Amino acid sequence: MLNKPVLAESLVVFVVVVSVHAVVWDRYSWCAVVLAVQAFYVQFKWDRLLQLGGAVFQFRAAANSGLLPASMVIPLLGIVMKERCRAAGIVYFERFGIVVASSGMLLALFLSVLAVGITKPVPTNTCILTGMAGSVIIYTMKHSLTVSEVIEVLEVLLIFVYLSMILLYLLPRCFTPGEALLVLGGISFVLNQLIKRSLNVVEGRGDPIDFFLLVAVVGVVLLGLFFTVLFMFMDSGTWISSMFFHMMTAVLGLGVIMPWLYRLIQRNPLFWLLQFLFQTQTRLYLLVYWTFLAASACGVVFYQNAKRSSESKKHQASTITRKYFHFIVVATYVPGLIYDRQLLYVAAVLCLAVFVFLEYIRYFRIKPFGQTLRQLLSLFLDERDSGPLILTHIYLLLGMSLPVWLFPRSCAPKGSLSGAGALVPYSGVLAVGVGDTIASVFGSSMGEIKWPGTKKTFEGTMTAIFAQIIAVALILIFDSSVNLNSSYAWILASVSLVSLLEAYTTQIDNLLLPLYLQIMFM
């Protein structure tokens, strides 16, 4: 029997794919349609493998595979980026969008072939469909990509294969197959871009803040892999191991990451960062304001833990309590988006590095704060944190930051795209900060009519759509750079589709929803 929520989720994704195809209408959008049909069929094979325990790795329970929604994100992002940059006449980034789309399609095909290959008995019809889809996509790539671009796409695939084997083995039950495709695919692409740019450094070419993002992401991933291997051979909870952890972090940071960044930006990274952060008075005000909000968030954590100590050791934070952090994040990002997006870009990268580093300290029980972090954060766990890592707060940060990081600044002559594209940097704020938060709060407190097959309510979804429309109106009032050019119907349709996706998906909505809203806006 077919799963109704999965069918509804798939229908929403198909509507997004067809919408992009109708606007773009080229060979790449046709490939996206073919990939979506193929991923829809293979998704059920993955779901069956997860139910029977036949998957190669241990994936997150209580969720479907999420193959279809995850498979379409990177290809669609590449296609809409290509289209925007083609319209702006920026050939380099138009080709870059094609490489992104091709890489995403190849990664999705690899995951599909993996599922088909380990399914017993071999599903003949699905094999034929996967083969036909693969043939269409590879034929299109053969006639669209240059030799260097083909090599780049294959490099991303190779990195993804090795990262998947390592991280899915080391981190059981942390991801669904779809989440693994998104997270590991993104890391693979970032690593490949960093290697490519490191080998082709041209002084004065490239924005330092882009290099800062690439080095920070790759640096924290390599740091985690290094310590994971190291602590296989020694107890990470002792003082000696903890001192070694802090010492090696300093050595790797100052001896590898800093010189790497210096080579890319051709200046001292620390001096550049300090000069960047304190360049204007507006940045000083924003930094002070963000420090206050960070202290407030810490205060919420300590207060809830004190409340747990006085009431019950089994006390868990409610849904509404967890949404406090969504409100704090919205209050953090909106002023940054209005007054200084470059500062927000760099601050988000720094926060990501700090969040991941603190998770390493918690996971490895590094003294003196490892055990304390375990106790403090255990209060906010939900069913999605079933693996050894706690990732929901990192996903929240990524969901808010990815639209800012992925915004095609080079293809936006005046710093902002036209029409609904002007709202692209606000995709995280609207989808996660406003929509998901309002849907959760109102749905859990006042919702009565449930969507078929889910715990989500009709009232929560409708309230979320209404709240996002109000948020768009407020953005128009306070951000003078946003000019929608009468594209209100498209914005309403985009917000409605993503809100429906939130109601039916079992994937990490903090990560998935902003990316789909960004695709629709672009």
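The values are calculated or read from the model by the stated rules, or taken from the named source; none is laboratory data. Just so it is clear, the model here is predicted, and its values are computed rather than measured. Positions of Cβ are generated from backbone atoms using ideal geometry, with glycine treated the same way; all protein chains shown enter the neighbour counts. We work out accessible area using only protein heavy atoms, side chains counted, and drop any ligands, DNA or RNA first. Shrake-Rupley method; radii C 1.70, N 1.55, O 1.52, S 1.80 Å.
A few points about this structure:
- Qualifying residues in segment 295-312 (those that are open to solvent by 50 Å² or more (accessible area, probe 1.4 Å) and either under 25 Å from the mean Cα position of the chain (by Cα) or modelled with pLDDT of 80 or more (or both)) - the one farthest from Leu379 (Cα to Cα): Ala295
- Within segment 16-40, the set of residues being of a type in the set (Phe, Trp, Tyr), surrounded by 15 or more Cβ atoms within 10 Å (Cβ to Cβ) and closer than 24 Å to Glu83 by Cα comprises Tyr28, Trp30.
- Residue match in segment 418-430 (condition: outside any loop (DSSP other than H, G, I, E, B), touching a residue at least 12 places away in the same chain (Cβ under 8 Å) and farther than 29 Å from Leu492 by Cβ): no
- Positions within segment 90-143 being surrounded by fewer than 18 Cβ atoms within 10 Å (Cβ to Cβ) and not in a helix (DSSP H, G or I), in sequence order: Lys120, Pro121, Val122, His143
- Residue within segment 457-479 that is touching a strand residue (DSSP E or B) at 6+ places or on another chain (Cβ under 6 Å) and either open to solvent by 20 Å² or more (accessible area, probe 1.4 Å) or in contact (Cβ under 8 Å) with a residue 12 or more places away in the chain (or both) present: yes
- Residues that are under 29 Å from Ala39 (Cα atoms) and open to solvent by 30 Å² or more (accessible area, probe 1.4 Å) do not occur anywhere in segment 194-211.
- Residue count for segment 105-133, restricted to those that are modelled with pLDDT of 90 or more and within 21 Å of Leu184 (Cα to Cα): 6
- Single match in Pro425, Pro514 (criterion: within 20 Å of Ala63 (Cα to Cα) and not basic (Lys, Arg)): Pro514
- Count - residues of segment 239-278 that are over 25 Å from Arg341 (Cβ atoms), touching an Asp or Glu at 6+ places or on another chain (Cβ under 8 Å) and open to solvent by 60 Å² or more (accessible area, probe 1.4 Å): 0
- Residues (buried (at least 18 other Cβ atoms within 10 Å of the Cβ) and out of contact with any Ser or Thr (no Cβ under 8 Å at 6 or more places or on another chain)) located in segment 374-388: Leu377
- Candidates are the residues of segment 158-185 that are surrounded by fewer than 21 Cβ atoms within 10 Å (Cβ to Cβ) and in contact (Cβ under 8 Å) with a residue 60 or more places away in the chain; the one that is farthest from the chain's Cα centre (by Cα) is Tyr169.
- The residue pairs whose first member lies in segment 279-292 and is farther than 12 Å from Leu344 by Cα and open to solvent by 90 Å² or more (accessible area, probe 1.4 Å), whose second member is in a helix (DSSP H, G or I) and of a type in the set (Phe, Trp, Tyr), and whose beta carbons are closer than 9 Å, counting only pairs six or more residues apart or on different chains, are Tyr285/Tyr339.
- Residue tally, condition among the charged types (D, E, K, R) and under 22 Å from the mean Cα position of the chain (by Cα), over segment 1-43: 1
- Any hit, segment 201-224, residues being over 25 Å from Leu511 (Cβ atoms), over 17 Å from the mean Cα position of the chain (by Cα) and among the basic types (Lys, Arg): yes
- Evaluation of Arg267 against (1) in contact with a Gly (Cβ under 6 Å, 6 or more places away or on another chain); (2) not in a helix (DSSP H, G or I) (one fails), failing number: (1)
- Test: residue in segment 55-65 that is open to solvent by 10 Å² or more (accessible area, probe 1.4 Å) and either without any contact (Cβ under 8 Å) to a residue 40 or more places away in the chain or closer than 19 Å to Pro403 by Cα (or both): no
- Among residues that are under 20 Å from Tyr345 (Cβ atoms), open to solvent by 20 Å² or more (accessible area, probe 1.4 Å), touching a residue at least 12 places away in the same chain (Cβ under 8 Å) and part of a helix (DSSP H, G or I), Val218 is not included.
- Val13 meets the conditions (1) assigned to a helix (DSSP H, G or I); (2) under 23 Å from Thr454 (Cβ atoms); (3) open to solvent by 10 Å² or more (accessible area, probe 1.4 Å) in every case but one. The failed one is (3).
- Taken as a whole, segment 420-442 holds no residue that is hydroxyl-bearing (Ser, Thr, Tyr) and either at positive phi or open to solvent by 40 Å² or more (accessible area, probe 1.4 Å) (or both).
- Within segment 89-104, the set of residues being farther than 12 Å from Phe189 by Cβ and of a type in the set (A, V, I, L, M) comprises Ile90, Val91, Ile98.
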